[in-house]
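The block underneath contains the structure these notes are about, expressed in structure tokens.
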Amino acid sequence: MSDQKCYWIGFNLVKGIGAARLRALMDAFGDVETAWQASEDDLRAAGLNARIIENLVQLRADLDLELVWERIQSQGIHVLTWQDPDYPRRLLEIDQPPPVLYMLSELLEADEWSIAVVGSRRITAYGRQVTEEIGASLARNGITVVSGLARGVDAVAHQAALQAGGRTLAVLGSGVDRIYPPEHRNLAEQIIQQGAILSDYALGTPPDAANFPPRNRIISGLARATVVVEAGERSGALITAGFAAEQGREVFAVPGNIYAPQSKGPNHLILEGARPLLDVKDLLEILDMVSIGEFRQARTVLPADAVEAQLFSILGREPLHVDEIRSRANMPIEKVSAVLTLMELKGMVRQVGGMHYVAARETGPDYVAGNYETGDE
């Protein structure tokens, strides 16, 4: 087989092999093809237990990877792995990112600027109004809305972004060929036109209840921050918020009526330290995402302000980790990350993996560090 992705898909189908075990196999064998074809003794030496080896050997005997790959391609489904340059950068930063992503449509560079909006399936009139305002405002500011295509808050967030002419990503708890809930098929088609449908579950995977909590880590992992609009005390939205906090991402919660069951979740999050969201402008300012649409159009390599100039002067051809850049710049990590992302969009810097950055190219002849127009104060 000529396409290595066949083997990634094969391992994605083996019960018991997730991100950690697949990475260990790649470390042991060098690549997925060699790992897929390894003997039972070698698999055992690589750390797999008897049950997983049995699952793998049985699947290798029963599965025609070429037919599986042809089926995926015939349905217009894209497959991304850790090794693909198009694999979402933010998702790659989380602990144990999914080795394989199945996708309808495609991701754009613009989708790095994204916010997750999640909440209860039992949305109230208040929740609908707030979600529509958040989704539309984010879209108008050039920010991609990420959610889970579920009934309630998720669907309203997707719809609001679409109606405002923005992009939105839907992460499923099933295969991308099993849209759930079924009444959202038309919505899914619209999302494919103005965003993408993603899942780490193999084709044909049904929407089992056990699938949804794990998929929530992808929703939060794709986004710079997660907003919880309405949620009960045992809501999946709270699971998403928990993943976001573990991933080092901001969590915002919309405060609500203390007597309303749908507000118990976000009110509790605020009590636990989440930022109360009173205005979308606050969200954008805290995350340094104001006027992202304007910034995306900027392609000059000249620093726009003193912060960009300082970071650019720190970077060279040798990769530096973002923590080292933060230390040398003596700035908050949130500020450094936000400005580096802007500089990357402008073509000033490149991320070369593992949150390491280099200067992308030399500046123009008129540039002198610290010598530029900053405009009126």
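The values are calculated or read from the model by the stated rules, or taken from the named source; none is laboratory data. These numbers were taken from a predicted model, which means no experiment stands behind them. All Cβ positions, glycine included, derive from the backbone under ideal geometry; neighbour counts span all protein chains shown. Just the protein is used for accessible areas: all its heavy atoms, side chains included, with ligands, DNA and RNA removed. Shrake-Rupley method; radii C 1.70, N 1.55, O 1.52, S 1.80 Å.
Annotations
- Test: residue in the stretch 178-195 that is modelled with pLDDT under 95, of a type in the set (K, R), out of contact with any Pro (no Cβ under 8 Å at 6 or more places or on another chain) and farther than 18 Å from L107 by Cβ: no
- For the residues A210, A196, the requirement of being surrounded by fewer than 18 Cβ atoms within 10 Å (Cβ to Cβ) and either small (G, A, S) or in a helix (DSSP H, G or I) (or both) singles out A210.
- Residues located in the stretch 268-279, provided they are assigned to a helix (DSSP H, G or I) and open to solvent by less than 40 Å² (accessible area, probe 1.4 Å): L269
- If the condition is being farther than 24 Å from D282 by Cα and surrounded by 19 or more Cβ atoms within 10 Å (Cβ to Cβ), then the stretch 213-231 contributes R215, N216, R217, I218.
- Filtering V322, V339, V307, V301 for residues that are modelled with pLDDT under 85 and among the aliphatic types (A, V, I, L, M) leaves a single hit, V301.
- Cross-chain or 6+ apart pairs with Cβ under 7 Å, the stretch 130-155 first and closer than 18 Å to D288 by Cβ, then open to solvent by less than 20 Å² (accessible area, probe 1.4 Å) and charged (D, E, K, R): T144/D111
- Of the helices (runs of 4 or more DSSP H) lying entirely inside the stretch 74-175, those containing at least 2 residues that are open to solvent by 40 Å² or more (accessible area, probe 1.4 Å) span 125-140, 153-163.
- Residue match in the stretch 50-58 (condition: touching a residue at least 40 places away in the same chain (Cβ under 8 Å), open to solvent by less than 90 Å² (accessible area, probe 1.4 Å) and more than 22 Å from the chain's Cα centre (by Cα)): yes
- Residue count, the stretch 242-265 (criterion: in contact (Cβ under 8 Å) with a residue 40 or more places away in the chain and open to solvent by less than 10 Å² (accessible area, probe 1.4 Å)): 3
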